[in-house]
Every structure is written in structure tokens, then in C-alpha cells.
2 protein chains.
Amino acid sequence: MGINERKEREREHRKEEILDAAQRVFFEKEFTAATVDEIAEAAELSKGTLYLYYKSKEDIYLAVMMRGMEKLYEKLEPISASGSTTIQKLLNFCECYKEYFRSDRRYFRMFHFLQAPHFHKQVSDEMNESCSQLSRKIWSLVVGLLKSGMEEGVFRSDLNPFEVAIILWSSITALLLRADTEIEAWKERLNIDLENVLDVSNDLLFNAIMTDKGRSEYNILIKAGQH
Amino acid sequence: MGINERKEREREHRKEEILDAAQRVFFEKEFTAATVDEIAEAAELSKGTLYLYYKSKEDIYLAVMMRGMEKLYEKLEPISASGSTTIQKLLNFCECYKEYFRSDRRYFRMFHFLQAPHFHKQVSDEMNESCSQLSRKIWSLVVGLLKSGMEEGVFRSDLNPFEVAIILWSSITALLLRADTEIEAWKERLNIDLENVLDVSNDLLFNAIMTDKGRSEYNILIKAGQH
DNA sequence: GTAAATATTGACTATCAGTCATAAATTATA
DNA sequence: TATAATTTATGACTGATAGTCAATATTTAC
């Protein structure tokens, strides 16, 4: 019976079409401002049909956001797999995340909602699970990098790689989320460029987690990058 | 005419009563789950009356949150005014924020909403302004501390105190917000204690922003604190 | 004591997520 | 091919809730 397979394919295709429509809507309006009716209209389907494919508005939102996370993963993974040194990879990771922030800002912006605790109440267990799984994929790239660096002796091995990953990821994401909403305000009020603040923050943290060996390689790369 | 003054006092008093009621509600339920009708019932007033005193649900929420920020300020300010050394003050600031997180968790939890960009759409300009003003008050304590430390030569003076304040505040707040919602998950999954991660993060950043002079004082204090 | 001003009310409106009985379309059976 | 069974789609409806406003009650001024 190829019929069930075809039906399954068609179902997945329809789900993607709904996401295409939802993405157009969520790129224009944030979660609360966007309505399910708008998404249905954009998808040229009735609202009831949407609910045959997704369990809630939050599920649809997360599914679009996961496209964004997947895209970030696709950008980070090749760095991880490349032949660069660990220090170079760390710098590339950060540059890549910043580049993602700049060019895929509408996806990045959706990450704001991951923070809101109430949001997850309406998310189905399956969606939450796929989302965590994808998070962990990205996560493991960072942890992997830190572990390699510790083994090679460029990162301090007295630190816990998971803890350092949390620290780095939290601080970078927090500053980018802040930059997303406040970059103009800081520029005007105190002439501070939040993207530059991120560079300073990274520089402080990188130096702090590196060994002398790591730092010497890092400083050479940094100087080479500044021109 | 003392009547207008009395009326003004009564109006302020009523606003506080509404906040008392709103606080009880928001301490139990997060923003979306709490309803204005519930707050009205808790205040023993009709919903219409609430809107004579506050312009929106968001305004009421922010007003309660500002009580929480005020309370934090009241705890931080004495540290700033004390005769301790700058390094000691920095450590006390962090300990104080962590203590606030633990004992005033319900206020702290409300901070989650400050991040959400859509939230501010419904906030009146006046409320936004009072809120920013209060933020700046807390903010200036941190910046003041950093500036003093730079003058005394315990903090690196090649760094911009405003930028360092953003970095410290962002990273501490981001880790505490994460701890608020994920502390059990990390404990179970990888046996990682997010409160400890905060200590590690602070240690990395503090060392990174200090001069040799600062670090030597810091290390003495840290060792004294560990017993 | 009465008129004007002020404060309060709660029924009403508008909006929107999610549902479900009904209808259309597709597939299986005779 | 005709009909029954199954699957997919619909949109009017429900329930929840933020915010409004004409009507009412209370307080102040004369």
C-alpha cells in the first residue's frame, strides 16, 4: 500500500504550507499581535483545518521558530566539522551567531518567546520534545568544542564544559536579545553600541576560560582579524 | 484648599490598595493567567474602577513589578553607601541579588516580562518612564561602583564602566532568569546547579575586569568567604 | 437643601483561540 | 460504474477576557 505513504507525504507537505503562511505572518507581527485567522487566511485554509495539523497557536509558532533554530544549526555545524583549530572555531561560532542575528533577525527575534515561562503552557508535549531535541543538537556543538579545547589544553580543564557552555550561551544570547530591542536606545542615550559590548563581553569570557596556551593563539588570531 | 490635597492622598491610597490586590493575584498567577476581573474582585472594586486608576492590565503589572524593583534598590543602596571597599561592595551586590532571587522570588519572577518586547506595547508612556527611571537608579549604583573601582585601580580602567555594567547585569540576570525556570531540569539532567554556575560566571567575569591589585584583594576575600 | 462635580458600577462590545456538527472530497467495495 | 465508507475541510459557534461607557451613587459647593 503506497497510499498511506502518499497520504503521509501530503500531510507533511500541507504542514509545511501552513508553516510557510505562519512564517509570513509571524515575521510581520509578534506572537500576540498575530492571529490564527490571519495565518489561516494566508494559508488559504479555514481555521479549523489548521487545528487538524497543529494543536495550538503556540505549536505553530514553535514550529516556525524551529526552522530558525535549524537554520542556525546548519550554519554552526560546518564550523564544528571544519579542520580549524578549536580557538578558531570558537571565534567562528560567535561570528556566525552574530551574523545570524544580523541576517536572520526575524527568526532570531522569535527566540524572545523561549524565555517567557507562561508560553510553554500551551505547547504540546511532542512539540516541546522536538524543540528540546533541536536545542540539544546546537548545545552539543558548543559543549563538544569546549571539551576538545580542554583536552588540547587551550581551555582551562578545571572548568566544567557544560557550565561554561551555559555561561557563554546565556551571556551571548542575553546581549543579542537586548540588542534586538534596545540597540538604538543605548546608542542615543549613552552612545554605546551593544554589538560592540558583545565583543567586549566575549573577549573577557574567552580570556577567562583559556589557558596561557589558548590565549597566545587567541591573541594572534584577534590581531590578525583587526584590520 | 486642603480638599484637593486630601483627594490626591486618597487617590494615591486607592492606587496602593489596588496594587496590594494585584500583587496577591500576580504572585499566584503569571501575567496571562491572571485576569483583571480577579484583581478587581481581590480589590473589592468593580473592573471599571480599576481602569480609572490604571490605564491597562500591563500598567498594573508594571506598577507591582516596580515595587519589586524598589525593594531591590532598597537592599542594594545601603551596600553602595557603606564604608566597604569597592571589591567587597561588588561581592555584596551579587550576594544581595542572589538573596533577593531566593527570598523575593515572586517579585523577581515578574522581571521575565521586562524582556518580552510585545508587552511594552500596552504600557502607558508615563508608566514606561517611571519604570526606566527606577531602572536607571539601580543601574547607576552598579556604574558608580565600577567607576570608583577604576579610579582606585582595582578595576581595569581601559574598560568602559557602562559597558561592563551591561555585561555584568545581563549575565547575572540571564542566569537567574534561567535558574528560575530551569534549575530543577538542569539538576536532574546533568546534575548541574545553576546557582553554582552563576558563581562560576561571576568569578570568571570579576577576574577579567580586575587589575592585579583588585584580584589580590578579591582572592583574599573569596578565600575568607569559603568556610 | 439642592445643584454641580466626582467616583463607581457592571452590563456591554470587540477580539480571538479553539471546537464541532456539517459538508465536501477521496477511497474502497460491489 | 454506482454506492458506501472514510478522510479531509469548513466556518459558525462558544467561552474567555480586556477594555468601555451610559447610568447610578456619592461627595462637594453654594
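Of the residues making up segment A:1-34, just one is in contact (Cβ under 8 Å) with a residue 40 or more places away in the chain and over 28 Å from A:ALA116 (Cα atoms), namely A:ARG11.
Checking A:LYS57, A:LYS29, A:LYS15 one by one, the residue that is of a type outside the set (Gly, Ala, Ser), within 14 Å of chain B (Cβ to nearest Cβ), within 14 Å of DNA strand D (Cβ to nearest atom) and farther than 30 Å from A:GLU95 by Cβ is A:LYS57 and no other. Taking segment A:122-143, which residues are in contact (Cβ under 8 Å) with a residue 24 or more places away in the chain and of a type in the set (D, E, K, R)? Listed by number, the list holds a single entry, A:LYS137. Report yes if some residue within segment B:170-184 is small (Gly, Ala, Ser), in contact (Cβ under 8 Å) with a residue 40 or more places away in the chain and in the same structural domain as B:ALA81 (by TED's automatic domain parsing); otherwise report no. Within segment B:170-184 (the criterion being small (Gly, Ala, Ser), in contact (Cβ under 8 Å) with a residue 40 or more places away in the chain and in the same structural domain as B:ALA81 (by TED's automatic domain parsing)), the answer is yes, since at least one residue qualifies. Scanning segment B:20-34 for residues that are part of a loop (DSSP other than H, G, I, E, B) and small (Gly, Ala, Ser), we see that the one that is surrounded by the fewest Cβ atoms within 10 Å (Cβ to Cβ) is B:ALA33. What residue, among those in segment A:35-84 that are within 15 Å of DNA strand C (Cβ to nearest atom), closer than 17 Å to A:LEU114 by Cα and of a type in the set (A, V, I, L, M), is surrounded by the most Cβ atoms within 10 Å (Cβ to Cβ)? Checking each candidate, the answer is A:ILE60. Flag not set for A:GLU17, criterion: surrounded by fewer than 20 Cβ atoms within 10 Å (Cβ to Cβ) and assigned by TED's automatic domain parsing to the domain that holds A:LYS121.
The values are calculated or read from the model by the stated rules, or taken from the named source; none is laboratory data. Please read all numbers here as calculations on a predicted model, not as lab measurements. Reconstructed Cβ throughout: ideal geometry from the backbone, glycine too, with neighbour counts over all protein chains shown.
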